[in-house]
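Undergrad: Dropping a structure here in structure tokens format, bear with me for questions.
FYI, it's all coordinate maths here, none of it is from the lab. Since this is a predicted model, take the numbers as computed values, not measurements. Glycine also receives a Cβ, built like all others from the backbone with ideal geometry; neighbour counts cover every protein chain displayed.
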Amino acid sequence: METFIMLRPVFLLLVLVSLLLTVLLLIQKEEKVNGYTLFIITTISLIIGSVCLYSSGSIVDAFGLSGDAVSFYLYIALFPVSLLNILVYSFKPRRVSETRV
């Protein structure tokens, strides 16, 4: 039985973008990624991953193929990386800019 692997690059790209965002959050000196940007990127990547996993299941069922375990594991890996992004952003100390009057 053949395995449906056409959506594996999408899952891989989502995980890599989330990991890149984590590295960027860790090394940034000044706030280049704010909370709103982090929320949007995380939400969109989780939605796209969920839709791709659902679509993959529908395609596999319709054509009688077997599912791709690697894509499923990449989808599962997307959640802890997204949670890590939120935690890193929440607990990283930020510089408070002084305003003079």
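Undergrad: Any idea how many residues of region 60-99 are more than 21 Å from L13 (Cα to Cα), out of contact with any Asp or Glu (no Cβ under 8 Å at 6 or more places or on another chain) and assigned to a loop (DSSP other than H, G, I, E, B)?
TA: Number satisfying all stated conditions: 7.
Undergrad: If I go through region 13-59 residue by residue, how many of them are in a helix (DSSP H, G or I), surrounded by 13 or more Cβ atoms within 10 Å (Cβ to Cβ) and β-branched (V, I, T)?
TA: Count: 8.
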